[in-house]
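Notes to accompany the following structure.
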2 protein chains.
Amino acid sequence: MTVRFSAVHQVAEPEGMPAAEHFAFVTGELPAPTAGTALVENLYLSVDPYMRECMNGVWALDSPLEGRSIGRVIASEDPRLAVGDLVFHRQGWRTHALVTGEEARVLPRHDGVPPSAYLSILGGTGLSAYVALTRIARLEPGDSLYISAAAGGVGTAAGQLARILGAGRLIGSAGSAAKVRHLVEDLGFDAAFDYHDGPVTELLAKAAPDGVDVCLENVGGEHLEAAIDAVRSHGRIVWCGAVSTYNDPGRPPAAPRNLYDVVGKSIRLEGFLVRNYPHLQEEMEERLVPHIRSGALVPDETVADGFGRVVEAFLGMLRGENTGKMIVRLADA
Amino acid sequence: MTVRFSAVHQVAEPEGMPAAEHFAFVTGELPAPTAGTALVENLYLSVDPYMRECMNGVWALDSPLEGRSIGRVIASEDPRLAVGDLVFHRQGWRTHALVTGEEARVLPRHDGVPPSAYLSILGGTGLSAYVALTRIARLEPGDSLYISAAAGGVGTAAGQLARILGAGRLIGSAGSAAKVRHLVEDLGFDAAFDYHDGPVTELLAKAAPDGVDVCLENVGGEHLEAAIDAVRSHGRIVWCGAVSTYNDPGRPPAAPRNLYDVVGKSIRLEGFLVRNYPHLQEEMEERLVPHIRSGALVPDETVADGFGRVVEAFLGMLRGENTGKMIVRLADA
């Protein structure tokens, strides 16, 4: 059994915002699986902010691209993978993949848990939020929390998770009035603001007049400065990403002018990479699945339909067009 | 018993580097102590970097100034303080003070521990180093450590303490060739450099080609940038002070252009204020006194003789003229 596949390759390195011209759709043919491998038809693909960083020097040009994916096994020569299994693997940006039993993880099926959740609230995005709040911030019940880029994949996961962990006042920033409404009306944030409406520091001070115990910072630059300003003495700032800087890696972001307050306010500013925490995946699933099944936790997803839209979905995500996790759906599970 | 005293007042707020003209020597007369107070003759005064920050808005003009001091009780109406007791209190910048039993702490006398040590290695300076390494960095045996401003009060205390805690490679930066020699030849640093000799990042990379586990950062600006560059993944930067910025509080320091590496390298950058750790004073003394008595820990002090030199000592300390802790000696204990 051979299968014709479509894939996307990166064909040029972008300066600044990437565009469609930096990618090309290619096709090819995958052979039948040999011993220890299985053929997977991809169903859901993840596009993520970190991929923008990969475009400058990490991803090889004209080659297969890495990306978190969920697929269905359609042929298998590996006893660990059975035809029909839903699997998670990292060969994204293509319709089909040959995977080994080591690199593919068979996903459990839970009533009420959509498979796409393994790319959003139960995937790397959810794990980022989980690590940030439980391991880095070590959020305590009652702690107030500010999340920047709160309407994105990590932000919507973190906001909902914070509620489950017993957070106190929950504040978010986002890039549009619609997203602000989504945070307050759908996700239970106590306050939210559109960061285009003025200096972030002032908007945050208005939304959190007493400051906050914890900041989850996803943007960098002026947003980090606002976080340093808002956090109380002995507060924690978890630095998860800096999407404001990804398009211009050669030019450092505007640095927080108040950085020295890290000393005066005894702040702990700590960064982390979710790839160092795969051992928490199982713990996270055990804790979160019951809340997803009860409806307390809702995978917040923007879905683009069709493999042909993967580049468009990626670029839209970089422009902030998604609410929650951006996912490309090739077919239903 | 009344006593004639001399004191120093701040008489003007400096912009930039302070000068003698911002201070005035005044004299007055202290009455005999009344119930619950004692009259103290100051023997040693501390001048510290944090006082530069106090000069802009914290200290009232033409008023008594705060400062760590050691004195001898010469008259007492407080049963907790006996004539002849050596006491630690915070009424510095003067020759005599009226103190209460609450605010003065009677110092223990240990053979081989000079009283001035309670302003240096056993004082706020030593406590800063102790908190930084044991509580914030949580230094483990074998950890490599870089200390900026290593020849100063906190730096020389931290370097020696690190050795006792079992640190691995120990690297320091300082402001002159003589200080660099002092670090390596007298204090057991493995490597040291004069930060005037080139970009700090390059000098540090040469001194610590494999990076370091922990940085104790006392300078700020370009030095913090170098620390971020040198620290390994999952390393810790303890931010203790930013002496490079104290003279220009209105203008933020050059920010680290590599700040986002806090995420990429999973760095913990944490500031603290020693004034939040008075409860560790006793623990520190219990741990350090035996090492002082054995000679493993040497109070590293630059002593200015005579109350008339207190302003000069303070300004000299700000210019980095001291090695180790700058102390003003009024009389011997």
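Identify the single condition in (1) hydrophobic (A, V, I, L, M, F, W, C); (2) touching a helix residue (DSSP H, G or I) at 6+ places or on another chain (Cβ under 8 Å); (3) farther than 26 Å from B:Asn322 by Cβ that B:Ala12 does not satisfy, given that it satisfies every other one.
(3)
What are the residues in segment A:169-203 that are among the charged types (D, E, K, R), surrounded by 15 or more Cβ atoms within 10 Å (Cβ to Cβ) and more than 17 Å from A:Val298 (Cβ to Cβ), if any?
A:Arg169, A:Asp190, A:Asp194
Going by the conditions given, is B:Val47 open to solvent by less than 20 Å² (accessible area, probe 1.4 Å), under 30 Å from B:Glu286 (Cα atoms), in contact with a strand residue (DSSP E or B) (Cβ under 9 Å, 6 or more places away or on another chain) and not hydroxyl-bearing (Ser, Thr, Tyr)? Steps first, answer last, please.
Values: open to solvent by less than 20 Å² (accessible area, probe 1.4 Å): yes; under 30 Å from B:Glu286 (Cα atoms): yes; in contact with a strand residue (DSSP E or B) (Cβ under 9 Å, 6 or more places away or on another chain): yes; not hydroxyl-bearing (Ser, Thr, Tyr): yes.
Criteria met by B:Val47.
Give segment B:33-63 a look and list any residue that's in a strand (DSSP E or B) and of a type outside the set (Phe, Trp, Tyr), or say none.
Residues satisfying the conditions are B:Thr37, B:Ala38, B:Leu39, B:Val40, B:Glu41, B:Asn42, B:Leu43, B:Leu45, B:Ser46.
Quick one: B:Ala331 ticks every box in (1) at pLDDT below 95; (2) touching an Asp or Glu at 6+ places or on another chain (Cβ under 6 Å) except a single one, so which number is it?
(2)
Could you check segment B:16-32 and list, in sequence order, the residues that are in contact with a helix residue (DSSP H, G or I) (Cβ under 6 Å, 6 or more places away or on another chain) and in a strand (DSSP E or B)? Break it down stepwise before answering.
Filtering segment B:16-32 down to residues in contact with a helix residue (DSSP H, G or I) (Cβ under 6 Å, 6 or more places away or on another chain) leaves B:20, B:23.
B:Phe23 - this is the single residue of segment B:16-32 that is in contact with a helix residue (DSSP H, G or I) (Cβ under 6 Å, 6 or more places away or on another chain) and in a strand (DSSP E or B).
Name the residues in segment A:259-277 that are under 10 Å from A:Val131 (Cα atoms), more than 7 Å from chain B (Cβ to nearest Cβ) and not hydroxyl-bearing (Ser, Thr, Tyr), would you?
The one that is under 10 Å from A:Val131 (Cα atoms), more than 7 Å from chain B (Cβ to nearest Cβ) and not hydroxyl-bearing (Ser, Thr, Tyr): A:Val274.
Out of segment B:64-83, which residues are open to solvent by 20 Å² or more (accessible area, probe 1.4 Å) and either in a strand (DSSP E or B) or among the aliphatic types (A, V, I, L, M) (or both)?
Those that are open to solvent by 20 Å² or more (accessible area, probe 1.4 Å) and either in a strand (DSSP E or B) or among the aliphatic types (A, V, I, L, M) (or both): B:Arg72, B:Ile74, B:Ser76, B:Ala82, B:Val83.
Would you tally the residues in segment A:98-141 being touching a residue at least 60 places away in the same chain (Cβ under 8 Å) and over 20 Å from A:Met284 (Cα atoms)?
4
Any residue in segment A:176-192 that's in contact (Cβ under 8 Å) with a residue 24 or more places away in the chain: show its pairings with residues that are part of a strand (DSSP E or B) and open to solvent by 30 Å² or more (accessible area, probe 1.4 Å) at Cβ separation under 6 Å, as long as the two are six or more apart or on different chains.
none
Go through (1) under 29 Å from B:Ala150 (Cα atoms); (2) among the hydrophobic types (A, V, I, L, M, F, W, C); (3) surrounded by fewer than 21 Cβ atoms within 10 Å (Cβ to Cβ) one by one and return the number of the condition B:Leu61 breaks.
Condition not satisfied by B:Leu61: (1).
Checking B:Thr27 against (1) open to solvent by 40 Å² or more (accessible area, probe 1.4 Å); (2) within 21 Å of B:Ala117 (Cβ to Cβ); (3) β-branched (Val, Ile, Thr), which test does it fail?
(2)
What helices (runs of 4 or more DSSP H), lying completely within segment A:258-333, carry at least 1 residues that are hydroxyl-bearing (Ser, Thr, Tyr) and over 30 Å from A:Glu222 (Cα atoms)?
Working: elements: A:261-264, A:281-294, A:310-318.
Because the criterion is at least 1 residues that are hydroxyl-bearing (Ser, Thr, Tyr) and over 30 Å from A:Glu222 (Cα atoms), the helices (runs of 4 or more DSSP H) in segment A:258-333 that meet it are A:281-294.
Return a yes/no flag: does segment B:238-253 have any residue that is under 26 Å from B:Leu315 (Cα atoms), surrounded by fewer than 21 Cβ atoms within 10 Å (Cβ to Cβ), facing chain A (nearest Cβ under 7 Å) and at pLDDT 90 or above.
No, segment B:238-253 has no match at all.
Within segment A:204-220, track down each residue that is crowded, with 19+ Cβ neighbours inside 10 Å and of a type outside the set (S, T, N, Q).
A:Leu204, A:Ala207, A:Ala208, A:Val212, A:Asp213, A:Val214, A:Cys215, A:Leu216, A:Glu217, A:Val219, A:Gly220
The values are calculated or read from the model by the stated rules, or taken from the named source; none is laboratory data. Quantities reported herein were computed from a predicted structural model and do not represent experimental measurements. Because the Cβ atoms are built from the backbone with ideal geometry, glycine has one as well, and the counts that use them run over all protein chains shown. For the accessible areas, the whole protein counts, side chains as well, though only heavy atoms, and no ligand, DNA or RNA atoms are used. Shrake-Rupley method; radii C 1.70, N 1.55, O 1.52, S 1.80 Å.
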